[in-house]
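Here is the structure we will look at.
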Amino acid sequence: MSSHPESAHDFTFLRKRTLLRLLGCQRQADDAFEAWFGVRNSPHFFEGALEALEELRGRGFRLCAITDGNSRPLEIPQLVGSFDFSVTSVEAGAPKPDPRPFLLAARRAGARCSSTWR
């Protein structure tokens, strides 16, 4: 969004601003966003995905959910206990595939990165 380049990675901000522009009413925009947000936090899981997370946790891996959007993976009922923490593009200051969200996740996990990618 050219008028707010500092928020280009903040999808919540962008979605709310777009809804307000389209609907022309803050209350309607807020209601529309909340309705969408409820669906956004009710994901469909591919077969075996939850079992894979459980297996990794059982093997002692620290797991992080990295999201560009505004979901709250640690609060999704099927995912509670699956992740140690999450990182958003807003926290990292950039969206995937930029390395910053991944490097922030690695730091929070206490991992030592010996190389990075571009």
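Numbers at a glance
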{"read-out": "Angle between the chain longest axis and helix 11-23 axis [Cα atoms, degrees, rounded to 10]", "value": "20 degrees"}
{"read-out": "Three-way shape label, segment 1-116, alpha-carbon gyration tensor, a/c 1.5", "value": "oblate"}
{"read-out": "Unit charges on C-beta of K, R, D, E only; dipole of the chain, Debye", "value": "420 debye"}
{"read-out": "Calculated FRET efficiency for the pair LEU74/LEU20, C-beta based, R₀ 25 Å, to 0.05", "value": "0.35"}
{"read-out": "Nearest-ten-degree value, helix 99-109 long axis tilted from longest Cα axis of the chain", "value": "50 degrees"}
{"read-out": "For segment 70-111 and segment 1-42, distance of Cα centres in Å", "value": "21 Å"}
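Only the coordinates and a few stated rules stand behind these numbers; no lab work does. As the structure is a prediction and not an experimental result, all values here were calculated from the model. Cβ coordinates were reconstructed from backbone atoms using ideal geometry, including for glycine residues, and neighbour counts include every protein chain displayed.
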